[in-house]
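Below you'll find the structure, written out as structure tokens, and then a few comments.
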Ligand code: SF4
Ligand code: SF4
């Protein structure tokens with residue numbers, strides 16, 4: 001949910017038009033944790049924005065690197081706003097239990113939203129209690145931090161293939177741990193972006209890189225259509 005969801009027409013009160021829900025999804029504040037524990041929402045509807053990830057800043061309307069992780073509602077696959085928004089019914093499927101950012105948002109004045117948004121954010125550690133999952137998440141953060149990737153990317157001009165191989169190793173680990181968690185712990189693949197953040201195959205674009213996977217499973221890293 002973004003504060004830049006203001007509608008074209010100025011409104012004096014909420015008409016439940018749904019334009020804000022169709023524009024963007026909210027993140028969870030700590031006060032929203034009961035939604036998870038009361039089974040109103042689950043991990044398949046969420047994803048994690050990890051520390052250091054480049055995302056749209058909800059309040060300042062600009063791209064920024066996250067200082068702390070965020071737990072966000074997924075978007076519809078079409079990219080049209082919050083997953084929990086039913087475009088046909090023009091309604092939120094959890095309206096009476098909607099999270100605090102949604103309750104605070106009004107398209108004609110974002111003061112209350114900013115106030116809620118500046119409060120403590122929910123994190124994976126607040127939600128996940130299984131020690132083996134927490135161990136996997138911690139191992140993934142250690143091996144696949146955005147700080148480490150950023151360092152290797154900056155080293156490409158100087159170290160060339162050595163830095164590229166270091167990045168590819170991280171990409172491989174990111175993919176392997178998802179596969180392993182799905183297969184060995186029987187975790188729904190839809191929940192993996194909540195446990196480990198979005199796949200690095202997807203987010204590597206923030207470094208101006210793209211990655212392709214060959215039929216044998218190996219990766220090819222490219223910049224602006226050029227192999228590196
Ligand atoms: S707050 Fe959202 S649902 Fe309410 S009128 Fe504004 S855009 Fe529509
Ligand atoms: S949770 Fe509900 S109210 Fe909040 S953005 Fe999604 S559909 Fe809208």
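Hey, residue 130 hits all of (1) more than 16 Å from ligand 1 (Cβ to nearest atom); (2) buried (at least 16 other Cβ atoms within 10 Å of the Cβ) but one; which does it fall short on?
(2)
Can you pull out every residue in region 99-114 that is more than 12 Å from ligand 2 (Cβ to nearest atom) and modelled with pLDDT of 95 or more?
none
The values are calculated or read from the model by the stated rules, or taken from the named source; none is laboratory data. It should be emphasised that the depicted structure is a prediction, and the values quoted were computed from it without experimental measurement. Here the Cβ is made from the backbone with ideal geometry for all residues, glycine too, and neighbour counts use every protein chain on show.
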